[in-house]
1. Just to be sure I understand the curve: with the Debye formula and one point per C-alpha of the stretch 292-412, what is log10 I(q)/I(0) at q = 0.10, 0.19, 0.22 Å⁻¹?
2. What is the extension gain from Ala188 to Phe240, computed as 0.36 nm multiplied by their sequence separation minus the C-alpha to C-alpha distance, in nm to one decimal?
3. Antiparallel DSSP bridges in the chain: what percent, to the nearest 5?
4. Relative to the longest principal axis of the C-alpha atoms of the chain, give the angle of the C-alpha long axis of helix 179-199, reported between 0 and 90° and rounded to the nearest 10°.
5. Quick check on the exposure proxy: order Asp342, Asp66, Asp319, Asp17 from fewest to most C-beta atoms within 10 angstrom.
6. Given the rule -39500 (n - 2.57) for each run of at least 4 DSSP H residues, summed and divided by the residues of the chain, what is its mean residue ellipticity at 222 nm, to the nearest 500 deg cm²/dmol?
7. Could you please report the charge total around Gly469, scoring K, R as +1 and D, E as -1 over all other residues with beta-carbon less than 11 angstrom from its beta-carbon?
8. Share of Cα-Cα pairs in the stretch 383-504 beyond 23 Å, in percent?
Amino acid sequence: MSSAASEPIFADRLLNDWLASVGLGIEYSRAEANTLYFRDGSGREVPVLDHVCGFGSLIFGHNNPDIIEHAKSVLDEQIPVYVQLSRQSHANALATVLNAILRRETPSGDGDYAAIFANSGAEAVEICVKHAELERRARIVRLTDDVLRHVEEAREAVGAGRATVAETPYVQVGAARDDREKLEHLIAEIGRRNAELVAKGPVHLALENAFHGKLVATVQLTQNPHWRMPFIALSSSTRFLRADRPEEMKGAIEDLRESLLDILVADGAVTVVERDFPVIGAFFVEPVQGANGMRPLTEAAAREIRAVCDAVGCPLIVDEIHSGMGRTGAFLASSHMGLQGDYYTLAKSIGGGIAKNSVALFYQDRFRPEFEVLHSSTFAKDGFSAAIAMKVLEMLEADDGRAYRVAAERGERLMEMLSSVKADFPGVVDAVDGIGLMVALEFTDQTRATSDLIREKAGSGMLGYVVAGYILREHRIRVLPVGPAGNSVRFEPSVHLTDEDIARTESALRDVCAIIRDQDGDRLAPR
């Protein structure tokens with residue numbers, strides 16, 4: 001419902017004004033498959049081909065009739081939706097299906113994953129942040145317990161005269177009357193230094209151009225400084241690594257290395273030694289970087305990331321929120337590059353386009369059972385969203401995974417079309433990247449364009465939005481830029497994408513590419 005100009009506005013004032021300024025300020029009234037509808041000034045319903053599809057949330061399209069029918073039947077059965085702190089077998093049934101799929105798609109093909117359900121992708125990532133810290137703290141406790149045990153062993157050995165305190169470069173203890181006093185000074189200084197280290201928060205690893213959400217913890221894993229920097233003091237720090245330089249990852253790990261000091265008794269001497277301290281909390285990775293032009297990881301990067309996590313002992317968290325659930329032609333995009341995670345996150349299409357749902361999956365050998373009590377959510381694993389998720393999984397797996405094959409084939413056809421446009425407009429289109437139905441087209445740098453409008457929009461990072469507004473206005477096709485990249489457009493349709501849809505999209509892209517090539521910026525301006 002639109003508001004009259006005289007009515008007060010309490011939601012989306014700034015956002016709606018901005019959308020109108022770039023030609024995207026349309027309110028849609030109906031949706032089905034890959035089509036949105038709005039009503040024009042005369043009340044006529046106008047169809048729009050939707051390539052955004054809920055930022056990739058609609059693998060089966062808007063209001064899929066099979067999912068809608070199932071949802072109605074679930075509601076008609078009056079199943080309990082919110083019954084917290086009761087036995088909820090639907091959660092385990094859903095986790096069982098997910099485990100069967102993961103065993104098929106992960107490289108090792110073994111192992112089970114414990115499931116913690118949530119309401120959104122960002123929440124699922126935050127759950128992983130919390131569990132990773134629980135893991136890290138358990139490692140710290142084991143380390144500090146070892147140190148305390150070794151302290152008592154040193155006290156016993158020195159007190160019995162079986163050991164003396166050796167000089168150490170790590171700690172200067174000053175003058176002491178005897179080895180007992182020297183040892184106590186040493187113990188006090190080591191305890192002080194270790195306590196400072198233990199009190200520090202973790203450093204997480206993520207890839208440059210990462211997007212993992214905008215909540216308190218997840219925004220620190222999301223590189224875009226416009227979103228991250230205002231809240232940098234609220235959460236743990238993140239070291240961002242380049243996916244295209246896997247050989248540099250080990251060096252970055254060495255830069256972060258810190259050591260806990262320990263005391264050992266050997267050969268009649270008390271010595272101080274360094275022990276690796278778990279500084280790194282986790283490595284967060286998107287198999288296909290949705291905010292970075294839909295670029296998939298290379299197999300080389302995937303191998304190095306796995307090797308880094310194994311060397312450090314931190315969990316590898318594979319964020320499949322955007323790329324999972326069949327969008328790339330497989331249930332897990334990470335299966336394409338042989339990457340196996342210790343944790344996985346899934347969301348978006350698991351809700352079938354009508355429910356809010358997500359899940360964090362933890363390799364059973366790493367999962368800490370007490371986490372099921374330490375973390376909870378009023379609206380997680382509710383009966384309705386779980387029933388919808390089961391239907392989505394059933395549809396994905398039906399006919400020996402036909403949906404995956406369709407996504408791969410339709411994505412290949414879409415990529416062929418985009419590559420053809422790139423070939424014909426080499427000065428306008430810089431790159432086409434992606435996999436399956438997760439594809440992006442990137443324009444060349446237009447910050448030195450001769451057209452005032454094109455140059456200004458490119459310089460402000462708004463060119464992609466103005467292009468999207470033009471394509472919507474003139475071709476009735478909905479696209480949006482890829483994440484913060486203002487010189488690109490994304491294509492994430494459902495499996496219902498037709499050859500006719502692709503042809504329409506090609507015509508629209510060729511039109512807008514010709515405008516940029518000819519520097520006819522006035523045609524792009526919103527009206």
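Throughout, read-outs are computed from the coordinates displayed, never taken from laboratory work. A quick note: this is a predicted structure, and the numbers were derived from the prediction, not measured. All Cβ positions, even for glycine, are placed from backbone atoms using ideal geometry, and neighbour counts span all protein chains on display.
1. For the stretch 292-412 at q = 0.10, 0.19, 0.22 Å⁻¹, log10 I(q)/I(0) is -0.37, -1.17, -1.32.
2. 15.1 nm
3. In the chain, DSSP labels about 70 percent of beta bridges as antiparallel.
4. Long axis of 179-199 versus the principal axis of the chain: about 10 degrees.
5. Arranged by neighbour count, lowest to highest, Asp342, Asp66, Asp319, Asp17 become Asp17, Asp66, Asp342, Asp319.
6. Mean residue ellipticity, 222 nm, calculated: -13500 deg cm²/dmol.
7. Working: positive: Lys457, Arg473, Arg478, Arg527; negative: Glu474.
My count for the surroundings of Gly469 gives +3.
8. Values: 3018 of 7381 pairs.
Summing the P(r) of the stretch 383-504 above 23 Å gives 41 percent of all pairs.
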